[in-house]
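Input: a single structure, listed below in C-alpha cells.
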Amino acid sequence: MSSSRSEAIENLLQVVDALREPDGCPWDRKQTVGSMATYVIEEAYELVEAIENEDDANTCEELGDLLMVLAMICRIAAEAGRFDMERAAREIHEKIIRRHPHVFGDSEAEDAEEALASWEAVKGEERREARVDSSALAGLPVALPALARAGRTCDKAVSSGFRWETAAGAWAKVEEELGELKEALRGTDLEAGPKVKVEGEVREQVEAELGDLLMAAAFFGRYVGLDPEKVCRAALRRFEARFRHMESGLGAPLAGFDLAHLMEAWAAAKEAGSVPEA
C-alpha cells in the first residue's frame, strides 16, 4: 500500500478514536455495534444511489461515509475486546486470497462465470469444514431486498450447476408462471373495480403464483446479465419522473380528470423523455 493511502486510512482511524475518547463526541460515544447497523444500511443505499446516478463526487462522499461507519463499528467492538479493524482486514485479506485460486494459486478461470463458480466451490468447502450450512445457497442474508436476494439466489444456483442450458429456458419459466397466475385468477372478476378482493384459498394461490412469477422474472434477468434490483429501481425512477411530469403538465389534482385524459398526459410525459431509459 502506498504511503498516501496508508496515511489517509490512519487519519480516518485517528478521527474515529478521538470521537470515542472520554472528551470526544457525546453522540458517537453513545453508539453501540448494534445501533450502528442502521447506518450501514442507510449509507450503503445512499452509495448505491450515487453510483447509479453516475455522480462521482457524491459516490466518493458516500464511500467515505460508509468507511466512517465501518471504522466506528470496529472501534466500538475493540473497546469491548470483541474484534478490531486489524482483525477484520486480516480476515478479509486471507479470505480473498483463499477464494481466488485462479489469481493467487494454480487454478484457472477463463471468464467471470468460471471465477464465480470457483469462488462458490471454495466457499462451500469452507462451510463443510466448519460443519455449518454448506448448501450452495448458504450465506445469503434474509434481510436483502427480495429482488436483490432473488438475483443472488439465481447466481448461486447457476454456479452450483442448477441452471437452464440457455436463457430460453429461463424465459419459458416466466411464461409458465404467468400462465399459472392466470389460472389462479380464473373466475376472479378483474373488471369489478380498481381493487379486487381475493380471499381464502384463491388469495393464497394468487399470492404464491405472483411470487413465483416475480422470482422467475428476476431469475430471467440474471440469465441476460441484468440485476433485477437495479432494473426495478430504474423502472421506479422512470415512473416517478413521468408521473411528476404528468402532474406538472396537468396543473391540477389528478382526481379531476378522467382516465382517458390521464393516459394521454402519461403518454405525453413518456414521449417527453423525462428520464433516460435504463
Legend entry - Single unsatisfied condition, TYR45 versus (1) touching a helix residue (DSSP H, G or I) at 6+ places or on another chain (Cβ under 8 Å); (2) surrounded by fewer than 14 Cβ atoms within 10 Å (Cβ to Cβ): (1)
Inset, instruction - Report whether or not LEU236 is under 17 Å from the mean Cα position of the chain (by Cα) and outside any helix (DSSP H, G or I). - result: no
Inset, instruction - Kindly indicate whether any position in segment 21-38 is surrounded by 15 or more Cβ atoms within 10 Å (Cβ to Cβ), of a type in the set (Phe, Trp, Tyr) and part of a helix (DSSP H, G or I). - result: no
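Take ALA208 and tell me if it is in a helix (DSSP H, G or I) and either crowded, with 16+ Cβ neighbours inside 10 Å or not assigned by TED's automatic domain parsing to the domain that holds THR166 (or both).
Values: in a helix (DSSP H, G or I): yes; either crowded, with 16+ Cβ neighbours inside 10 Å or not assigned by TED's automatic domain parsing to the domain that holds THR166 (or both): no.
Considered against the rule, which asks whether it is in a helix (DSSP H, G or I) and either crowded, with 16+ Cβ neighbours inside 10 Å or not assigned by TED's automatic domain parsing to the domain that holds THR166 (or both), ALA208 comes out as no.
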Legend entry - Test: residue in segment 183-199 that is assigned to a helix (DSSP H, G or I), touching a helix residue (DSSP H, G or I) at 6+ places or on another chain (Cβ under 7 Å) and in contact (Cβ under 8 Å) with a residue 60 or more places away in the chain: no
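Considering every residue within segment 26-36, establish whether at least one is touching a residue at least 60 places away in the same chain (Cβ under 8 Å) and in contact with a Lys or Arg (Cβ under 8 Å, 6 or more places away or on another chain). Walk me through how you get there before you give the answer.
Applying the first criterion (touching a residue at least 60 places away in the same chain (Cβ under 8 Å)) to segment 26-36 yields none.
Looking for residues that are touching a residue at least 60 places away in the same chain (Cβ under 8 Å) and in contact with a Lys or Arg (Cβ under 8 Å, 6 or more places away or on another chain), one finds none in segment 26-36, hence no.
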Legend entry - Any pair with Cβ under 6 angstrom, 6 or more apart, that starts in segment 246-264 at a residue that is surrounded by 12 or more Cβ atoms within 10 Å (Cβ to Cβ) and ends at one that is part of a helix (DSSP H, G or I): MET246/ALA265; MET246/TRP266; MET246/ALA269; GLY249/ALA265; LEU250/ALA265
Inset, instruction - Restricting attention to segment 140-156, report how many residues are crowded, with 16+ Cβ neighbours inside 10 Å and either over 19 Å from GLU113 (Cβ atoms) or among the small types (Gly, Ala, Ser) (or both). - result: 5
Inset, instruction - Only one of these is surrounded by fewer than 17 Cβ atoms within 10 Å (Cβ to Cβ) and touching a Ser or Thr at 6+ places or on another chain (Cβ under 9 Å): VAL231, VAL202. Name it. - result: VAL202
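Would you mind stating whether VAL206 is of a type in the set (A, V, I, L, M), at pLDDT below 90 and over 29 Å from SER135 (Cα atoms)? Outline the logic, then answer.
Details: of a type in the set (A, V, I, L, M): yes; at pLDDT below 90: no; over 29 Å from SER135 (Cα atoms): yes.
Considered against the rule, which asks whether it is of a type in the set (A, V, I, L, M), at pLDDT below 90 and over 29 Å from SER135 (Cα atoms), VAL206 comes out as no.
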Legend entry - Single condition ARG5 does not satisfy, out of (1) in contact (Cβ under 8 Å) with a residue 40 or more places away in the chain; (2) farther than 30 Å from ALA235 by Cβ: (1)
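The values are calculated or read from the model by the stated rules, or taken from the named source; none is laboratory data. Note that the structure is a prediction, hence the values are computed from the model and not measured. Quick reminder, even Gly has a Cβ in these numbers, built from the backbone with ideal geometry, and neighbours come from all protein chains shown.
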